[in-house]
Amino acid sequence: MASLNEYLFVSGLLFAIGLAGVVVRHNILVIFMCLELMLAAANLTLVAFSRFNLDPATGLPDYDGQVMVFFIITVAAAEVAVGLAIIVALYRARQTVNVEDLTTMKG
């Protein structure tokens, strides 16, 4: 069975990869995917802490973190729908998904 440290290491690694992708990449779709990777890393951390935080009265895991992850996934699904719609609209208007070409708001 994996320990809490191993879960946190994997979560930190996923978050670091996502952060590096957001900072380094220029394609708005890749940046969007890296943001989702960072959100998944945060969800993994919440689930890991929830799993290893035992209720002293019953000895069962505390499920508060997992309930929070459910709501985060729900919000992330809405974010994906809106974000992809914005990206498609930007591509139709500018014919590019390169962040450096999208520096102004004018058409």
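Give me the distance in nm between label points sitting 7 Å out from Cα along the Cα-to-Cβ direction at residue 75 and residue 24, one decimal.
2.9
Once you compute Rg and the Kirkwood Rh from C-alpha atoms, what is the Rg to Rh ratio for region 46-106?
With Rh from the inverse mean 1/r over Cα pairs, Rg/Rh is 1.36.
Arranged from highest to lowest average of other beta-carbon atoms within 10 Å per residue, in what order do the peptides 37-43, 68-74, 92-98 appear?
Values: 37-43: 18.3, 68-74: 13.1, 92-98: 11.4.
Going by the mean number of other Cβ atoms within 10 Å, highest first, we get 37-43, 68-74, 92-98.
For region 24-107, which whole-number percentage of the solvent-accessible area (1.4 Å probe, protein heavy atoms only) is attributable to carbon and sulfur atoms?
Numbers: 4100 of 5800 Å².
Whole-percent figure for carbon plus sulfur exposure: 71.
Quick one: go through region 14-45 and flag any residue whose amide nitrogen is under 11 Å from the point 7 Å out along the Cα-to-Cβ line of residue 100.
26-27
Over all alpha-carbon pairs of region 1-94, lay out the pair-distance distribution in 5 Å bins, whole %, shortest bin first.
Pairs per bin, as whole percents: 3, 13, 17, 18, 17, 12, 8, 5, 3, 2, 1, 0.
Taking the Cβ of residue 63 as the center, what net charge do the other residues with Cβ under 13 Å away carry, scoring Lys and Arg +1 and Asp and Glu -1? Before the final figure, lay out the partial values.
Numbers: positive: 51; negative: 55, 62, 64.
The answer is -2.
At 15 angstrom or more along the helix axis (alpha-carbon based) and mean Kyte-Doolittle of 1.6 or higher, what helices does the chain contain? Whole DSSP H runs only.
4-24, 28-52
In nm², what is the average projected area of the convex hull enclosing the Cα atoms of region 26-80?
Reported value for the Cα convex hull: 3.8 nm².
Express the accessible area of the chain per residue in Å², computed with a 1.4 Å probe while the remaining protein chains stay in the model. Please list the in-between numbers first.
On the way: 7410 Å² over 107 residues.
Value for the chain: 69 Å² per residue.
Mind grabbing the accessible area of residue 33 for me, 1.4 Å probe, Å², rounded to tens?
The accessible area comes out at roughly 120 Å².
Mean residue ellipticity at 222 nm from the helices of the chain, using -39,500 (n - 2.57) per DSSP H segment of n ≥ 4 over the full residue count, to the nearest 500 deg cm²/dmol?
-25500 deg cm²/dmol
Can you give the FRET efficiency for residue 4 and residue 62, using 1/(1 + (r/R0)^6), R0 = 22 Å, r = Cβ-Cβ distance, to the nearest 0.05? Present the calculation step by step, with values, prior to reporting the outcome.
Numbers: r = 13 Å, r/R0 = 0.60.
The computed FRET efficiency comes out at 0.95.
The values are calculated or read from the model by the stated rules, or taken from the named source; none is laboratory data. All values derive from a computational prediction rather than experimental measurement. Every residue, glycine among them, receives a Cβ derived from its backbone with ideal geometry; neighbour counts consider all protein chains shown. All accessible areas refer to the heavy atoms of the entire protein, side chains included, with ligands and DNA or RNA removed. Shrake-Rupley method; radii C 1.70, N 1.55, O 1.52, S 1.80 Å.
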